Amino acid sequence: MISRRIAEDTLRAALKKGGDFAELFLQDKRSTNLSLIDGHIDNAVTGRTHGAGIRVYNGLQSVYVHTNDTSPSGLIAAAGKAADAIGDKPNALDIRLVGSLGANVHAFRQLPMDVSGARRAELLRRADVAARSVSAEIQQVSCGVAMSDSEVLIANSEGLFTGDRRVYTRFRVSAIAVGGGENQTGSESPGALMGGELFETRVDVEQAAIQAGKRAVTMLKADPCPAGVMPVVIDGGFGGVIFHEACGHSLEAEAVAFGNSEFAGKLGQQIASPIVTAVDDGTLPNEWGSTNIDDEGNPTTRLVLIENGILKNYMVDRLNGRRMGLPSTGSGRRQDYTFAPTSRMRNTYIAAGTDDEAEIISSCPDGLYAKQMGGGSVNPVTGEFNFAVSEGYLIRNGKVDRPVRGAMLIGRGAEVLKKIDRVGRTMWMAQGMCGASSGSIPTNVGQPMIRVTGITVGGR
C-alpha cells in the first residue's frame with residue numbers, strides 16, 4: 001500500500017520528540033452486506049474503510065493518532081501529532097525496515113466483490129423458504145450475507161515491515177415463531193475466514209434456516225424454567241461463550257496488567273478442574289478468529305491458557321507486555337485503523353475431553369440441559385456473570401425431558417471452572433463478534449459438551 005521508504009519516513013517523524021517505539025498500521029477494507037426480510041431484499045450496502053493509525057511509546061506512555069489521509073504528507077502530519085503528544089526531547093533515529101510481506105496461509109477462492117448480488121440474493125431466498133417450511137407458526141424471517149476483504153500493512157521502529165490479507169464471509173438467519181399471544185426467536189450465524197466458497201464447503205443456508213426455525217417453534221411451546229441451584233449440562237459450540245466471557249476476558253493482559261482480573265498473579269496455580277484444558281488458537285485454518293499475523297505484526301500463535309486445570313498463560317499484547325514483563329503472544333487485535341490494538345481472544349475453546357456425551361446426560365441427576373446459549377454480561381474483575389439460555393431442556397432421571405424457556409445461568413467464572421466434572425469427546429466452535437476497548441472483532445467460541453455440578457439457574 002505504501003513503500004518502505006515512506007513507512008521509514010513516517011516512523012522517524014513519529015519518534016522525533018523522544019519516543020522509544022513507533023508503529024504504523026495501514027488498512028484498506030472493502031465490504032458488502034445484503035439482507036432480506038420476509039422474502040424481500042431489505043438492504044444492499046457496499047463500503048470501503050481506508051486509513052492509517054500511528055502509535056508511539058515512551059516507556060509505558062502510549063499515544064495513538066489515526067487518519068484517512070494516507071498520502072506521504074498525510075502520514076507525516078499524523079506522525080508529527082503523535083510525536084508532539086509523547087514528549088519534547090529531540091530524537092533522531094535511523095530506521096531501516098528489513099521485514100517482508102508473509103504468505104497467506106488461510107486460502108480463499110471467491111473474493112467478496114466477485115460474488116454477484118444475484119447469487120447472494122438467491123441464497124437468502126432459499127433460507128427464507130426453508131425457515132418457513134418448519135411450521136406455519138414462523139411468521140417472520142430475516143437473513144443476510146456479510147463479506148469483506150481487508151488488506152493491512154504494519155511497520156515499526158524495530159524494523160518490522162509486514163502485512164496480511166483477510167477475507168471474511170458470514171451468513172445470518174433469524175426466525176420468529178408466533179402463537180398464543182407470544183413469540184420466540186431462533187437464530188444461526190455461521191461464518192469463516194474465507195470467501196464465497198463458504199457456501200460450497202461449510203455452510204448450508206437451508207439447514208441453518210431450518211435449525212433456526214425449529215429452535216423458535218420449540219421455545220414457543222416450552223414451559224417456564226424452574227429456578228434454583230442445579231447441575232447444568234452445557235452443549236458444545238456457542239456454549240463456549242460462557243468461558244469466553246466469564247474467564248477469557250479475565251485472562252487478557254489488558255485486565256491482568258492492572259489487577260482487574262480474578263486470575264491476576266495466578267500463573268502456575270490450579271484455577272480449574274483437572275479435566276479442563278483451554279486454548280486460544282489464532283492459527284486454525286480459515287477459522288473466524290484466525291489471522292496470519294496479529295494487528296501488531298506478530299505471528300499468530302496457539303496458546304494454551306489452562307492445562308489440566310493449571311493456569312499456563314495470559315493473552316498478551318505489546319504495551320501490556322511491557323507492563324507485565326512478558327513477551328507478546330500474537331494477541332494484539334483491533335477492529336480497524338481507528339483503534340489502537342490491545343490483547344484480545346481469537347479462537348478460544350475448552351479442549352475435547354474423554355467423556356461420552358450420552359453418558360454425561362444419562363448419569364446426570366435432575367438438572368438443566370443448555371443446548372444453545374444466548375447473550376449475557378460479565379464483570380471481568382470478579383468473574384460474576386449471567387447468561388440467557390436460548391434453547392434449554394430439563395433433565396429428569398438421566399433423560400432429556402421437556403423444553404423450558406426463560407432460563408438464566410448465574411455465577412462466577414472461577415467457581416464454574418472448578419465445578420466441571422465431565423468434558424465430552426467432540427469439540428466444535430461457533431462464531432461471534434467480541435466488543436472491547438479496541439473495537440468489535442471476529443472471534444470463535446467453542447467447547448465440547450460439559451457438565452457443571454451446580455449453577456444457579458434463574459427462572460420462575
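Worth a mention:
- Residue pairs meeting the criteria (Cβ under 7 Å; at least 6 apart or on separate chains; first in a loop (DSSP other than H, G, I, E, B), in the stretch 158-182; second crowded, with 22+ Cβ neighbours inside 10 Å and not β-branched (V, I, T)): L160/G297
- Which numbered condition E206 misses (of (1) in the same structural domain as M345 (by TED's automatic domain parsing); (2) closer than 30 Å to V129 by Cβ): (1)
- Boolean, N43 is modelled with pLDDT under 95, closer than 30 Å to V145 by Cβ and either not assigned by TED's automatic domain parsing to the domain that holds L153 or not in a loop (DSSP other than H, G, I, E, B) (or both): yes
- When the stretch 296-335 is filtered for residues that are among the charged types (D, E, K, R), under 17 Å from the mean Cα position of the chain (by Cα) and under 19 Å from A155 (Cα atoms), the ones remaining, listed by number, are D317, R333, R334.
- None of A107, A127 is in contact (Cβ under 8 Å) with a residue 60 or more places away in the chain and surrounded by 17 or more Cβ atoms within 10 Å (Cβ to Cβ) except A127.
- Restricting attention to the stretch 231-259 and to residues that are under 16 Å from V457 (Cα atoms), at pLDDT 95 or above and of a type in the set (A, V, I, L, M), the residue that is surrounded by the most Cβ atoms within 10 Å (Cβ to Cβ) turns out to be I234.
- Qualifying residue in the stretch 283-304 (condition: at pLDDT 95 or above, in contact with a Ser or Thr (Cβ under 9 Å, 6 or more places away or on another chain) and farther than 23 Å from A103 by Cβ): yes
- When the stretch 351-375 is limited to residues that are aliphatic (A, V, I, L, M) and either farther than 26 Å from G406 by Cβ or touching a Cys at 6+ places or on another chain (Cβ under 9 Å) (or both), the one that is surrounded by the fewest Cβ atoms within 10 Å (Cβ to Cβ) turns out to be A358.
- Output for the stretch 291-347, where each listed residue is polar (S, T, N, Q) and in a strand (DSSP E or B): T342, S343, N347
- All of (1) in contact with a Phe, Trp or Tyr (Cβ under 9 Å, 6 or more places away or on another chain); (2) more than 28 Å from L409 (Cα to Cα); (3) surrounded by fewer than 24 Cβ atoms within 10 Å (Cβ to Cβ); (4) among the polar types (S, T, N, Q) hold for Q269 with one exception: (2).
- A single member of S73, S3, S31 is out of contact with any Pro (no Cβ under 6 Å at 6 or more places or on another chain), farther than 22 Å from N292 by Cβ and among the polar types (S, T, N, Q), and it is S73.
- Evaluation of L11 against the conditions (1) assigned to a helix (DSSP H, G or I); (2) in contact with a helix residue (DSSP H, G or I) (Cβ under 7 Å, 6 or more places away or on another chain) shows that the sole unmet condition is (2).
- Residue in the stretch 388-397 that is touching a Ser or Thr at 6+ places or on another chain (Cβ under 8 Å), buried (at least 21 other Cβ atoms within 10 Å of the Cβ) and either farther than 30 Å from N183 by Cβ or not assigned by TED's automatic domain parsing to the domain that holds N320 (or both) present: no
- Those residues of the stretch 46-99 which are hydrophobic (A, V, I, L, M, F, W, C), farther than 12 Å from K16 by Cα and either surrounded by fewer than 16 Cβ atoms within 10 Å (Cβ to Cβ) or modelled with pLDDT of 95 or more (or both), in sequence order: A52, I54, L60, V63, V65, L75, A77, A78, V98
The values are calculated or read from the model by the stated rules, or taken from the named source; none is laboratory data. None of these values were measured; they are calculated from a predicted model. Because the Cβ atoms are built from the backbone with ideal geometry, glycine has one as well, and the counts that use them run over all protein chains shown.
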